[in-house]
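Student: Below is a structure I'd like to ask you about.
Nothing in this text is a laboratory measurement; each read-out follows from the coordinates by a stated rule. Bear in mind the structure is a predicted one, so any value in this text is a computation, not a measurement.
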């Protein structure tokens with residue numbers, strides 16, 4: 001299996017499905033990296049993430065804080 005683990009194969013297949021079906025990959029990346037929350041908070045966050053675009057996460061300015 002080309003030296004890949006089963007989880008790597010499943011992850012690759014999932015990302016391919018997300019791309020081909022037109023799902024918002026940003027949504028899945030954010031949801032996969034967050035801690036579980038209560039159902040009400042999850043619903044609110046899901047609504048917000050569903051409305052986000054790649055442009056919403058584009059860095060427009062950066063600042064270096066004095067340290």
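Student: Using the alpha carbons of the chain, what is the convex hull volume per residue in cubic angstrom, as a whole number? Write out the running numbers ahead of the final one.
Tutor: On the way: hull volume 13.2 nm³, N = 67.
Cα convex hull per residue, to the nearest whole number: 197 Å³.
Student: Divide by every residue of the chain the summed helix terms, -39500 (n - 2.57) for each DSSP H run of at least 4, and state the resulting mean residue ellipticity at 222 nm, rounded to the nearest 500 deg cm²/dmol. Could you put the intermediate results ahead of the total?
Tutor: Values: 3 runs with 37 residues, N = 67.
Computed mean residue ellipticity for the chain: -17500 deg cm²/dmol.
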